[in-house]
1. Report relative contact order for the chain in percent, whole number only (criteria: Cα-Cα under 8 Å, sequence separation at least 6).
2. With axes computed from alpha carbons, what is the tilt in degrees of helix 584-607 against the longest principal axis of the chain, rounded to the nearest 10 within 0 to 90?
3. Can you tell which of Ala238, Val409, Thr278 lies farthest toward the positive end of the dipole of the chain, using +1 and -1 charges on the Cβ of basic and acidic side chains (Lys, Arg; Asp, Glu)?
4. Dividing the convex hull volume of the alpha carbon atoms of the chain by its residue count, what do you get in Å³ per residue?
5. Going through the cross-link list Lys250/Lys366; Lys322/Lys395; Lys322/Lys603; Lys395/Lys603; Lys217/Lys250, which pairs have a Cα-Cα distance over 22 Å in this structure?
6. To the nearest 20 Debye, how big is the dipole of the chain about its Cα centre, given +1 on the beta carbon of each Lys and Arg and -1 on that of each Asp and Glu?
7. Pull out the extension gain between Ala410 and Leu16, defined as 0.36 nm times the separation in residues minus the alpha carbon to alpha carbon distance; nm, one decimal.
8. Counting other Cβ atoms within 10 Å, keep those with at most 14, restrict to DSSP loop, and tell me which trypsin sites (Lys or Arg not before Pro) in the range 438-540 are left.
Amino acid sequence: MRILSVIAVLIAYGSLYPGNFSTPDAGAVKQFLTDWHLFTSPGDLLGNIALFFPLGMAGILFGSNRGDATIRIAGLLLFAFVYSFTLQLAQVWLPSRSAALSDVLWNMTGMLSGMAAAHVLGKRSPGNAYPFDAASLVPLLVLILWLLTELLPLVPTFDWQKFKDALKPLLLESNISFPAAAMHAAGALAAGSAFMALGRQPATWLGSALAMVWVGKVLIVNLTLNASLLAGSLAGYAGCLALSRLGRTKFFEAVFWLLLIAGSIVALTPFSPASGGTFNGIPFATMLRGSMETGARGLVQSLFIYTALLWLLQRTGMGIVKATAGLVVWSCLIELTQMGLLGRTADVTEPILLLLIGWALSRMQKHGSSPKWDMEAPASKPRPLVAVHPTASGKRTLALVAIGIGICVAIGWLVMRSPLTPYNVRELIYQGHPFRSLVLLAALLYWAMGFPILIAQWLARGELYLLSFPPLILLHGLIAWLLLWSAVPSESIHDIVGSPVLNWPWEWEILGRFLALFSLWSVAATGGAVIAARRSLSGARSAQSALLGWTIGACLLVPISYYIVVRAASTDNLVELMAGNGSVSAFLLIGMAMAGISFGGTKAALALIPGTPGQTRTVAWVVASGALAYLAIYFGTEQVIVKYNQVFSALQFLLSSDRSHLAGPGELAVRYIALWSALIALIVMVQYPIWRWAIPDRCEPTAVQSLASDTPEPD
């Protein structure tokens, strides 16, 4: 059911993009309801069929198995019809989209085609609650995606002139592009590995599939048969036959690395470094703009590469979570590199697509795996009692994080409309896309406050892990930069870190200045978390190891941060707010205030976990940390600032609603308490599910555990 919901959301996103609703022309609805032209363009027709094809497959493979099958199928078709009609009707209010009643027909054709394909792939049997075998469905899916990558748009023609034009690149030019040939070879290897997983002989089946691809390149419109395809597919075929002798595990591992390298080469070609790179933060925007055929081709190729890579990693024995996480990091590095290449645009779509594919594969495996031991367990043997651990599972943690982000977005929406909110905070929201800006800022909040927990856990391992603190701080800042850069106007970033003055290409100077500034929070937040959780970290000497690693890293990073933020600052917006015009003591006091707030929030979050040591003194620790943080901020910030024909303190500038209504001492204290309380609450909301998942089980045995321990062992 979850897969069906995700597919439905993606269909709505693709149908209603870019969401710029406006009042339609008079009679637009009537024209939509009376226009019965069935054909527009082949690309539009195939796109509408492909849009609902996954929904039809998922409705059969992952739908409920209860009740009559005929009623279930009729219900799916009714839902698809109503859903498609509603989306097409909504497009009347989208000036950038063309609503057509015929698209509903083609959507239903795609729905029926997907349902028919699902029946072929995994037929339901009356006594089996599991409709398919995931071990065979995934390689079959890899094969289908490979064929679609090579043969889209799947529209054949019998034009003799087209046949000659399709053969001209092979017969007259014979130019071989290494990136294209490498991708064709890697695709053929992935197809061969899928045939092997299905129990077919790659020599016969892969050879036949390649021959079909060659013929399809000649027959299908807009496709050609060139030397790169021929050389690459032949190399992939020969490599498949040679590597298949190594054994299955080594074969799958070799194919994975070859496909990963080929995908990286294609993504970075042509490699022409240049300044002025761009980043697209709207998911699937590049695929939804322009030609539908071009967008579909790019989407299918990405689906093939990512699905094959994840499946190959699983075949080598790696879990789906680790495989997805590793490939997401690889994809992010590729996108970051593209920002420095001529004519390339980094896109957030690729990492999101990888996450969606990894999640879908995990759901498919769980849905298609049958717990036979439950059915075959003899009735005479009672089930053993299992101890119930209060630690949260990964799924529960992710669910709580998603709910928390939604709550933050809703609260942010209300706060930004309050006249009590400081003007410099309201300016953070990008007015062009306020909802997207709030979602990204909420994700930034979770990343900024949650990742220090993982850093603390990593440092607690000791030994060489102590050296990982600077790279983890760098990773913390890089992802925070991507989220912030996509969420707020560039002017707001320049107000904080300053405008570029070094004439570096692209945004590298702003990125470096932001990393230096954000590293102060990373170091302070990690230090506060380590001290607060010193009795909750696993291992006898884990707290000492974490503190040692943090101390070494802080001594290396804080001086660099101070030099870039204060001494080499390109703006005085921050320096003028610090006591002593940016003195070292003021910088350290502000860092101590951040650490104190992090300490208080972490203490409060840990106190909510049953069995955590030191719960009785938590309130005192939290209140004391808040008071010490205020003192550190008070002595670390400037008390007399003459600007805008006014005299005010740094705290008044930061906490007042606007420049014309500066807060007095009493109101300033109330505003600080409110802000501090909100920060503590946010840290608790962010860190509580992560700590529940991360810390070891320290709870007392439950009733189930006690009962299990008192039960005598069977003879």
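Since every read-out is calculated from the coordinates, none of them should be taken as a lab result. Keep in mind that this is a model prediction, so the values were computed, not measured. Every residue, glycine as well, gets a Cβ built from its backbone with ideal geometry; the counts of neighbours run over all protein chains shown.
1. Values: 925 pairs, mean separation 75.2, N = 715.
Normalised by residue count, the contact order of the chain is 11 percent.
2. 70
3. With unit charges placed on the Cβ atoms, the residue in question is Ala238.
4. On the way: hull volume 156.8 nm³, N = 715.
Each residue corresponds to 219 Å³ of Cα convex hull volume.
5. Details: Lys250/Lys366 26 Å; Lys322/Lys395 14 Å; Lys322/Lys603 30 Å; Lys395/Lys603 24 Å; Lys217/Lys250 32 Å.
Distance filter (> 22 Å) returns Lys250/Lys366; Lys322/Lys603; Lys395/Lys603; Lys217/Lys250.
6. On the way: 43 positive and 33 negative charges, 243 e Å.
Value, rounded to 20: 1160 debye.
7. Values: separation 394, 0.36 × 394 = 141.84 nm, distance 2.24 nm.
Roughly 139.6 nm would be gained on extension.
8. On the way: sites: Arg461, Arg513, Arg534, Arg535; in loops: Arg461, Arg534, Arg535.
Passing both the DSSP loop test and the Cβ count: Arg535.
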